[in-house]
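Here's the structure we're looking at; comments come further down.
The values are calculated or read from the model by the stated rules, or taken from the named source; none is laboratory data. Computed from a predicted model, the values in this text were never measured in an experiment. Glycine also receives a Cβ, built like all others from the backbone with ideal geometry; neighbour counts cover every protein chain displayed.
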């Protein structure tokens, strides 16, 4: 692959997938600034790996695989640096709730759902994010390296867990 071909392929991937990768980053981290940093790292890894894509899977599956691996490594590096970040931090929740919804109730429910998703384990949060992106169970399985059946089981358990978390009365509420 020539440099010009690589640049063209990268530009096309970037333009077609920027929004969905940013949503994945945001779904995983819950912080706008950090999501953009993670996105930058993902794109660097895509650039570095572009010539190794063997076309054995869909390009989006390959891209999500890089994104998921980069997100997991990003989280590990961040923990090693002992930076303190809580996805439950109120400042981050205001960013999460800043979607253009018609009513205050809708915004509150969305914020509650995002808070509940933020409390899930890493793999579960990734599964939910990929599902919300519209990936089929098979694609999620390919991205995460697990079986399709296990994806179905995990999604069922995640839904139950989210439902429980969404119906719990917060501590301090009377």
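For the reader, a short list of remarks on this structure follows.
- Scanning segment 31-69 for residues that are in contact (Cβ under 8 Å) with a residue 60 or more places away in the chain and outside any helix (DSSP H, G or I) gives 31, 57, 58.
- Residues that are at pLDDT 90 or above, farther than 19 Å from residue 69 by Cβ and in a helix (DSSP H, G or I), drawn from segment 112-137: 137
- Some residue of segment 70-92 being at pLDDT 90 or above and either at negative phi or outside any helix (DSSP H, G or I) (or both): yes
- Meets criteria (under 9 Å from the mean Cα position of the chain (by Cα) and assigned to a helix (DSSP H, G or I)) for residue 24: yes
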